[in-house]
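The values are calculated or read from the model by the stated rules, or taken from the named source; none is laboratory data. Source: prediction; values computed, not measured. Virtual Cβ from ideal backbone geometry, glycine too; neighbours counted across all protein chains shown. Remember, those area values only see protein heavy atoms, side chains included, never the ligands or the DNA or RNA. Shrake-Rupley method; radii C 1.70, N 1.55, O 1.52, S 1.80 Å.
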Amino acid sequence: RTARRGVYRKELFLQANFRFLVADWADLKGSATDPDHMVDWDDVVLVAAGAREPLSCPVCFDEPPACAQVTLCGHTFCFACIARHAVTNRREGEPAKCPMCFTPIRLADLRTVRRRPIAPPAAGAKMRMSLLSRHRDSSVPRPARGGGRDVLALAEWPRSRHVADGGACDVYAKYTLTGDEAALAEEERTALEARVAKMAEEGVADAEAELRYALWGCDVLQTRTQAW
(Lines give C-alpha, C1' and ligand atoms only; values in the text may rest on other atoms or scores of the structure.)
Protein backbone atom coordinates (compact mmCIF):
# COMPACT_ATOMS: atom_id res chain seq x y z
CA ARG A 1 0.00 0.00 0.00
CA THR A 2 2.89 2.37 0.58
CA ALA A 3 4.53 3.56 -2.62
CA ARG A 4 8.31 3.80 -2.42
CA ARG A 5 9.74 7.08 -3.64
CA GLY A 6 12.81 6.86 -5.84
CA VAL A 7 16.00 8.64 -4.97
CA TYR A 8 16.22 12.06 -6.63
CA ARG A 9 19.16 12.24 -9.04
CA LYS A 10 20.28 15.53 -10.52
CA GLU A 11 21.75 13.68 -13.49
CA LEU A 12 18.27 12.50 -14.48
CA PHE A 13 17.00 16.08 -14.23
CA LEU A 14 19.76 17.13 -16.62
CA GLN A 15 18.89 14.26 -18.98
CA ALA A 16 15.19 15.12 -18.98
CA ASN A 17 15.48 18.89 -19.50
CA PHE A 18 18.38 19.34 -21.92
CA ARG A 19 19.45 18.07 -25.32
CA PHE A 20 22.96 16.82 -26.01
CA LEU A 21 25.44 16.90 -28.85
CA VAL A 22 27.59 13.79 -28.42
CA ALA A 23 30.66 12.44 -30.18
CA ASP A 24 29.85 10.02 -32.98
CA TRP A 25 31.70 7.16 -31.26
CA ALA A 26 29.41 7.32 -28.20
CA ASP A 27 27.55 4.15 -27.23
CA LEU A 28 23.86 5.13 -27.29
CA LYS A 29 22.29 1.68 -27.63
CA GLY A 30 21.01 1.69 -24.06
CA SER A 31 19.61 5.21 -24.46
CA ALA A 32 17.66 4.15 -27.54
CA THR A 33 15.58 1.68 -25.55
CA ASP A 34 15.59 3.32 -22.10
CA PRO A 35 14.86 7.09 -21.88
CA ASP A 36 16.53 7.24 -18.43
CA HIS A 37 19.73 5.52 -19.53
CA MET A 38 22.76 7.70 -18.74
CA VAL A 39 25.07 8.50 -21.61
CA ASP A 40 28.78 8.54 -20.78
CA TRP A 41 29.41 12.18 -19.83
CA ASP A 42 32.90 12.05 -21.35
CA ASP A 43 31.25 11.69 -24.76
CA VAL A 44 29.08 14.81 -24.39
CA VAL A 45 30.36 17.68 -26.56
CA LEU A 46 27.70 20.36 -26.06
CA VAL A 47 24.48 20.84 -24.12
CA ALA A 48 21.44 22.67 -25.51
CA ALA A 49 19.24 24.36 -22.90
CA GLY A 50 15.73 25.31 -23.96
CA ALA A 51 14.85 28.68 -22.45
CA ARG A 52 12.50 31.57 -23.14
CA GLU A 53 14.90 34.20 -21.72
CA PRO A 54 18.64 34.51 -22.49
CA LEU A 55 21.00 32.53 -20.26
CA SER A 56 22.71 34.51 -17.49
CA CYS A 57 25.56 33.85 -15.09
CA PRO A 58 24.42 33.91 -11.42
CA VAL A 59 27.90 35.01 -10.32
CA CYS A 60 28.63 38.09 -12.46
CA PHE A 61 25.10 38.46 -13.93
CA ASP A 62 26.47 38.67 -17.48
CA GLU A 63 23.83 37.95 -20.10
CA PRO A 64 24.69 35.85 -21.99
CA PRO A 65 27.56 34.24 -20.02
CA ALA A 66 31.05 34.43 -21.52
CA CYS A 67 31.91 30.97 -22.88
CA ALA A 68 28.94 29.53 -20.99
CA GLN A 69 29.48 26.21 -19.23
CA VAL A 70 26.94 23.93 -17.55
CA THR A 71 27.58 21.71 -14.54
CA LEU A 72 26.32 18.18 -13.99
CA CYS A 73 23.63 19.66 -11.74
CA GLY A 74 22.28 21.80 -14.60
CA HIS A 75 23.48 25.32 -13.64
CA THR A 76 25.08 27.68 -16.14
CA PHE A 77 28.05 29.99 -15.48
CA CYS A 78 30.71 31.99 -17.28
CA PHE A 79 33.77 29.77 -17.68
CA ALA A 80 36.01 32.23 -15.81
CA CYS A 81 33.46 32.67 -12.99
CA ILE A 82 33.02 28.98 -12.28
CA ALA A 83 36.78 28.39 -12.62
CA ARG A 84 37.46 31.13 -10.04
CA HIS A 85 34.87 29.63 -7.70
CA ALA A 86 36.19 26.09 -8.11
CA VAL A 87 39.74 27.17 -7.29
CA THR A 88 39.13 29.65 -4.47
CA ASN A 89 36.09 28.20 -2.67
CA ARG A 90 36.95 24.68 -1.66
CA ARG A 91 38.54 22.91 1.27
CA GLU A 92 41.83 21.13 0.82
CA GLY A 93 41.30 17.56 -0.34
CA GLU A 94 37.62 18.16 -1.20
CA PRO A 95 35.98 19.08 -4.51
CA ALA A 96 34.43 22.51 -4.98
CA LYS A 97 30.66 22.85 -4.69
CA CYS A 98 28.19 24.47 -7.05
CA PRO A 99 27.40 27.99 -5.79
CA MET A 100 23.71 27.41 -6.56
CA CYS A 101 22.94 23.97 -5.10
CA PHE A 102 26.21 22.92 -3.37
CA THR A 103 26.60 19.77 -5.46
CA PRO A 104 30.28 18.74 -5.82
CA ILE A 105 31.67 19.92 -9.16
CA ARG A 106 34.86 19.43 -11.17
CA LEU A 107 36.16 21.63 -13.95
CA ALA A 108 36.68 18.50 -16.04
CA ASP A 109 32.91 17.83 -15.90
CA LEU A 110 31.91 21.23 -17.31
CA ARG A 111 30.43 21.28 -20.80
CA THR A 112 29.66 24.03 -23.28
CA VAL A 113 26.01 25.08 -23.12
CA ARG A 114 23.99 27.04 -25.65
CA ARG A 115 20.48 28.38 -25.46
CA ARG A 116 17.76 26.94 -27.64
CA PRO A 117 15.16 29.73 -27.83
CA ILE A 118 11.63 28.71 -26.92
CA ALA A 119 8.76 30.91 -28.04
CA PRO A 120 5.73 30.48 -25.74
CA PRO A 121 2.41 29.91 -27.51
CA ALA A 122 0.22 32.97 -27.92
CA ALA A 123 -3.55 33.14 -28.15
CA GLY A 124 -4.72 33.40 -31.76
CA ALA A 125 -1.32 32.52 -33.24
CA LYS A 126 -0.84 29.74 -35.77
CA MET A 127 1.20 26.68 -34.80
CA ARG A 128 2.89 24.18 -37.07
CA MET A 129 2.63 20.56 -35.94
CA SER A 130 4.97 17.76 -36.95
CA LEU A 131 4.09 14.08 -37.26
CA LEU A 132 6.69 11.86 -35.56
CA SER A 133 7.31 8.14 -35.70
CA ARG A 134 9.68 5.72 -34.00
CA HIS A 135 10.58 2.06 -33.99
CA ARG A 136 8.44 0.22 -31.45
CA ASP A 137 11.58 -1.01 -29.66
CA SER A 138 13.22 2.42 -29.63
CA SER A 139 12.68 5.77 -27.92
CA VAL A 140 14.26 7.79 -30.75
CA PRO A 141 11.63 10.02 -32.44
CA ARG A 142 12.05 11.14 -36.04
CA PRO A 143 9.87 13.11 -38.45
CA ALA A 144 7.53 10.66 -40.16
CA ARG A 145 7.49 10.25 -43.91
CA GLY A 146 4.90 8.59 -46.08
CA GLY A 147 1.98 9.26 -43.75
CA GLY A 148 3.69 7.79 -40.71
CA ARG A 149 4.26 4.35 -42.23
CA ASP A 150 8.04 4.77 -42.38
CA VAL A 151 9.75 2.27 -40.05
CA LEU A 152 12.86 3.69 -38.42
CA ALA A 153 15.95 1.65 -37.75
CA LEU A 154 16.62 0.85 -34.12
CA ALA A 155 18.95 3.38 -32.42
CA GLU A 156 19.09 5.56 -35.54
CA TRP A 157 20.19 8.81 -33.90
CA PRO A 158 20.25 12.03 -35.95
CA ARG A 159 23.52 13.74 -36.89
CA SER A 160 24.54 17.38 -36.80
CA ARG A 161 25.15 18.59 -40.34
CA HIS A 162 28.28 20.69 -39.76
CA VAL A 163 29.95 22.85 -37.13
CA ALA A 164 28.76 25.87 -39.15
CA ASP A 165 25.22 25.27 -37.92
CA GLY A 166 26.37 26.24 -34.42
CA GLY A 167 26.43 22.73 -33.08
CA ALA A 168 22.65 22.67 -33.20
CA CYS A 169 20.95 19.66 -31.64
CA ASP A 170 18.07 17.86 -33.30
CA VAL A 171 14.68 19.40 -32.59
CA TYR A 172 13.11 16.13 -31.41
CA ALA A 173 15.81 13.71 -30.25
CA LYS A 174 17.62 13.96 -26.92
CA TYR A 175 20.97 13.07 -28.51
CA THR A 176 22.54 14.30 -31.75
CA LEU A 177 25.79 12.86 -33.10
CA THR A 178 28.68 15.03 -34.30
CA GLY A 179 32.21 14.62 -35.59
CA ASP A 180 33.16 18.28 -35.06
CA GLU A 181 33.99 18.12 -31.35
CA ALA A 182 37.51 19.54 -31.83
CA ALA A 183 36.26 22.48 -33.92
CA LEU A 184 33.60 23.34 -31.33
CA ALA A 185 36.14 23.26 -28.50
CA GLU A 186 38.51 25.48 -30.50
CA GLU A 187 35.65 27.93 -31.09
CA GLU A 188 35.01 28.15 -27.35
CA ARG A 189 38.70 28.63 -26.59
CA THR A 190 38.94 31.44 -29.14
CA ALA A 191 35.91 33.18 -27.63
CA LEU A 192 37.42 32.93 -24.16
CA GLU A 193 40.73 34.42 -25.29
CA ALA A 194 38.92 37.22 -27.17
CA ARG A 195 37.08 38.21 -23.99
CA VAL A 196 40.33 38.48 -22.03
CA ALA A 197 41.95 40.53 -24.79
CA LYS A 198 38.99 42.92 -24.83
CA MET A 199 39.12 43.38 -21.07
CA ALA A 200 42.84 44.10 -21.20
CA GLU A 201 42.32 46.60 -24.02
CA GLU A 202 39.60 48.42 -22.10
CA GLY A 203 41.78 48.56 -18.98
CA VAL A 204 39.38 46.70 -16.70
CA ALA A 205 40.77 46.68 -13.16
CA ASP A 206 40.10 42.98 -12.64
CA ALA A 207 41.54 41.95 -16.02
CA GLU A 208 44.63 40.32 -14.49
CA ALA A 209 42.58 38.07 -12.20
CA GLU A 210 40.14 37.37 -15.04
CA LEU A 211 43.06 36.42 -17.27
CA ARG A 212 44.31 33.86 -14.76
CA TYR A 213 41.03 31.97 -14.55
CA ALA A 214 40.18 32.38 -18.23
CA LEU A 215 43.53 30.81 -19.12
CA TRP A 216 42.71 28.05 -16.66
CA GLY A 217 39.54 27.52 -18.67
CA CYS A 218 41.60 27.38 -21.87
CA ASP A 219 43.70 24.60 -20.33
CA VAL A 220 40.53 22.69 -19.42
CA LEU A 221 39.25 23.04 -23.00
CA GLN A 222 42.57 21.85 -24.39
CA THR A 223 42.58 18.82 -22.09
CA ARG A 224 38.99 18.07 -23.10
CA THR A 225 39.89 18.24 -26.79
CA GLN A 226 42.90 15.96 -26.35
CA ALA A 227 40.73 13.40 -24.53
CA TRP A 228 38.25 13.38 -27.42
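Computed quantities for the displayed model
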{"read-out": "Solvent accessible area, Å² - residue 37, 1.4 Å probe, full protein context", "value": "70 Å²"}
{"read-out": "Most to least accessible of 225, 88, 76 (protein chains only, probe 1.4 Å)", "value": "88, 225, 76"}
{"read-out": "Extension gain (nm, one decimal) between residue 183 and residue 156, 0.36 nm per residue minus Cα-Cα", "value": "7.3 nm"}
{"read-out": "Förster radius 30 Å - calculated FRET efficiency between residue 200 and residue 222, Cβ distance, rounded to 0.05", "value": "0.90"}
{"read-out": "Distance (nanometres) between label positions extended 7 Å along Cα→Cβ at residue 136 and residue 40", "value": "3.3 nm"}
{"read-out": "In the stretch 23-72, chymotrypsin sites (Phe, Trp or Tyr not before Pro) in a DSSP loop with at most 12 other beta-carbon atoms within 10 Å", "value": "25, 61"}
{"read-out": "Simple Cβ-charge dipole of the chain, Lys/Arg +1 and Asp/Glu -1, about Cα centre, in debye nearest 20", "value": "1380 debye"}
{"read-out": "Spin-label model distance (nm) - residue 11 vs residue 212, 7 Å beyond Cα toward Cβ", "value": "3.4 nm"}
{"read-out": "Size-normalised alpha-carbon gyration radius of the stretch 1-150, reference 2.2 N^0.38 Å", "value": "1.27"}
{"read-out": "For the stretch 29-92: rounded, prolate or oblate by the Cα gyration tensor [a/c cutoff 1.5]", "value": "oblate"}
{"read-out": "Summed side-chain charge close to residue 84 - residues other than residue 84 whose Cβ falls under 9 Å, Lys, Arg +1, Asp, Glu -1", "value": "0"}
{"read-out": "Solvent accessible area, Å² - residue 38, 1.4 Å probe, full protein context", "value": "60 Å²"}
{"read-out": "With DNA, RNA and ligands ignored, accessible area of residue 130 (1.4 Å probe; Å², nearest 10)", "value": "70 Å²"}
{"read-out": "Candidate residues 126, 174: accessible-area rank, largest first, probe 1.4 Å", "value": "126, 174"}
{"read-out": "Computed E for residue 128/residue 88 - FRET, C-beta separation, R0 45 angstrom, nearest 0.05", "value": "0.40"}
{"read-out": "Kyte-Doolittle mean at least -1.0, axial Cα span of 30 Å or more - DSSP H helices of the chain", "value": "181-202"}
{"read-out": "Longest DSSP-loop-exposure-free segment, GluC sites (Glu not before Pro), the chain, at most 15 other Cβ within 10 Å", "value": "1-91"}
{"read-out": "Protein accessible area in the chain, 1.4 Å probe - carbon and sulfur %", "value": "51 percent"}
{"read-out": "Per residue accessible area in Å² of the chain, where ligands, DNA and RNA are left out and the probe is 1.4 Å", "value": "61 Å²"}
